[in-house]
Amino acid sequence: MDNPVDNSVHTWGPRPALVAAGWVLTGVAAATLAATALGGDRPGTLLLALVTAGLLAFSAYGTVVRPRLSADADGIRLRTLRGTRRLDWSQVRLEVRTLPRFGRRVPVLELDVLADHGDPDEDRPAALGWIELGEDPREVYDVLDRTRRRPSG
């Protein structure tokens, strides 16, 4: 046996500490919102309600989609709010692109679905940054590339 088959599954998702910080900030914002609402500050209450709702949405998203991406020798699984999509390696094209975000250029792992499923939402490319993956997209690409080249079995 020259090359033993590696059946390991690699997973990536938002870092647990980042998600936990989001939940802590959501709690602080909710408590501040309650105090502001009881104090009668209507504009402040509206602003804090928006901030609290945004923090709640991001924290819930980070919790629900963990792990965001996983891969093994057979293909990848991409978790979204609508469920988990399973794609064979032949159905997906991987690329690291550098895109402008918040005034600077950052690497993003782009997954293009090559198979036509008839559902435009399913065939949209996914662009995953370091927040969604928990590490640099270039490093994730390297692991995915090695995993894709490994024989399944």
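The values are calculated or read from the model by the stated rules, or taken from the named source; none is laboratory data. As the structure is a prediction and not an experimental result, all values here were calculated from the model. Note that each Cβ is placed from the backbone with ideal geometry, even for glycine, and that neighbours are counted across all protein chains shown.
Details
- Restricting the first member to the range 49-64 and to residues that are touching a residue at least 24 places away in the same chain (Cβ under 8 Å), and the second to residues that are surrounded by 15 or more Cβ atoms within 10 Å (Cβ to Cβ) and hydroxyl-bearing (Ser, Thr, Tyr), the beta-carbon pairs closer than 8 Å and six or more apart or on different chains are THR52/THR26; LEU55/THR26; LEU56/THR26; SER59/THR26.
- Residue in the range 92-112 that is surrounded by the fewest Cβ atoms within 10 Å (Cβ to Cβ), counting only those that are over 17 Å from GLU132 (Cβ atoms) and at pLDDT below 90: GLY103
- Conditions (1) at pLDDT below 90; (2) buried (at least 16 other Cβ atoms within 10 Å of the Cβ); number of the one not met by HIS117: (2)
- Any hit, the range 38-47, residues being surrounded by 15 or more Cβ atoms within 10 Å (Cβ to Cβ) and touching a Ser or Thr at 6+ places or on another chain (Cβ under 6 Å): yes
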